[in-house]
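**Student:** Below you will find the structure I want to go over with you.
The values are calculated or read from the model by the stated rules, or taken from the named source; none is laboratory data. The model shown is predicted, which means the values in this text are computed figures rather than measured ones. Glycine also receives a Cβ, built like all others from the backbone with ideal geometry; neighbour counts cover every protein chain displayed.
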Amino acid sequence: MKLEISLFKFDKNSDYLPFYTKHFFKITNELTLLDILNVINNENPFGYENDEDFDLVVNSTYLKASIKIEDLVKNFGNDLTIEPISIRRACNDLIINEDDFNEKLLILDDFISMEDKNNYQSLKHYYYASNTLNYKSEYIGDSVLLLAADLIDSNKNNEQQILEILKKHEFGASYHTSLEKRIFNFDISIEEKIISIQKKLALINKDVEHNFRIKNTLIIDFGNFEENTEIKHDFKDFNIAYYPTNKDQETNSLLNKLNANILNLDSLKLDLAKNTFSKNQEITYCVATTILLDAFDNNADFLLVDNDDDFYIFDYNRKALEKCSGREMILPIIHLHELQKLVTGKHDLAKKTLVKHQIDPEIV
């Protein structure tokens, strides 16, 4: 088996910008990613830790050096890009400066023991895997939220004091974005633990319906998805960026029949933090802006969404997204049910909702 590896390189003492070195690697007796790193290091020394728990990013996914090569290839293919867990904090190739991570722990200093400090170190990958850091470096950090949850579970007497500390932090739990699609073999109980803290902080109320139509009261009825429909018009010459919230077999089946180019963009995996939108629109706007601009810059003809909420976020909040980006956002948004009407020839039905968009796709 042969791998094509792009290895991140940067020495803060000598390099102005990071770069990547190419390695065409033939697997012989190597079993893990760490084995590969060790072989490359023997031939061309670079900065990393010879430890199975060493945290890395491979093809935009956070994982450990202990990952098996067979799992690497199965999930990421033979073309691998290996990077540190924080490019902006890289100091010696794959080794980073972790001062920001360690400083965040001071928030809970009055409640932690040495054992808690050790536990916090084991949560490092959750901190750096957070997409929120790309927008707000001051973010309290998912690792702090996880440790806070553990501290509360172990001593309920400290619950109110810990929650008060979390509440006072300007960039606190309302800025959390899901880690689920960012970490390899992610344990969903981690996300549930953070959500439990958000609920204790009254950031999530399941009985409150979010209004994603800020400054726009118009509600569009997109109709229902019809199964087993006949395709009459394909989208052969279209580039489609699909943001999948409710991706299912029926949606996949429809997209596969279109003969369109479905863009594979990492940004389409980002979480919009919709659970806390009523308390904090800013982080949702930041992420939505990234998704929309990435689709536009990669020549998408439109952004496809599969639910009403995502449509309203991307289309009805366009002015807020343009303010966030400093750029005009001219990419149309199409709801999955509208796309189905278009490909099945029900153009008149599709038109009834398309004309209500902030940007009419004008593809009928």
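**Student:** Just name the residue that is farthest from I96 (Cα to Cα) out of those in region 38-51 that are in contact (Cβ under 8 Å) with a residue 40 or more places away in the chain and of a type outside the set (S, T, Y). Quick ask: steps written out before the conclusion?
**Tutor:** Of region 38-51, the ones in contact (Cβ under 8 Å) with a residue 40 or more places away in the chain are 46-49.
Imposing the further condition that a residue be of a type outside the set (S, T, Y) reduces the set to 46-47, 49.
Values: F46: 13, G47: 10, E49: 11 Å.
The residue in question is F46.
**Student:** Failed condition for F171, given (1) touching a Lys or Arg at 6+ places or on another chain (Cβ under 6 Å); (2) assigned to a loop (DSSP other than H, G, I, E, B); (3) under 22 Å from F54 (Cα atoms), with all others met?
**Tutor:** (3)
**Student:** Kindly list the number of the only condition in (1) among the acidic types (D, E); (2) surrounded by 19 or more Cβ atoms within 10 Å (Cβ to Cβ); (3) under 14 Å from the mean Cα position of the chain (by Cα) that fails for D266.
**Tutor:** (2)
This table checks each residue for (1) polar (S, T, N, Q); (2) assigned by TED's automatic domain parsing to the domain that holds T284; (3) exposed (fewer than 15 other Cβ atoms within 10 Å of the Cβ); (4) farther than 30 Å from E250 by Cα.
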site	(1), (2), (3), (4)
I165	no, no, no, yes
T177	yes, no, no, no
N205	yes, no, yes, yes
F222	no, no, no, no
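**Student:** Would you confirm whether any residue within region 93-103 is touching a Gly at 6+ places or on another chain (Cβ under 7 Å), farther than 30 Å from L163 by Cβ, at pLDDT 95 or above and not β-branched (V, I, T)?
**Tutor:** yes
**Student:** Select from region 13-43 the residues that are out of contact with any helix residue (DSSP H, G or I) (no Cβ under 8 Å at 6 or more places or on another chain), part of a loop (DSSP other than H, G, I, E, B) and surrounded by 11 or more Cβ atoms within 10 Å (Cβ to Cβ) and list them in ascending order.
**Tutor:** Listed by number, the list holds a single entry, D15.
**Student:** Also: Taking the criterion of being farther than 23 Å from D348 by Cβ, surrounded by fewer than 13 Cβ atoms within 10 Å (Cβ to Cβ) and either modelled with pLDDT of 90 or more or of a type in the set (D, E) (or both), would at least one residue in region 274-292 satisfy it?
**Tutor:** So in region 274-292, the residues farther than 23 Å from D348 by Cβ come out as 274-292.
Applying the additional criterion that residues be surrounded by fewer than 13 Cβ atoms within 10 Å (Cβ to Cβ) yields none.
The answer is no, given that none of the residues of region 274-292 is farther than 23 Å from D348 by Cβ, surrounded by fewer than 13 Cβ atoms within 10 Å (Cβ to Cβ) and either modelled with pLDDT of 90 or more or of a type in the set (D, E) (or both).
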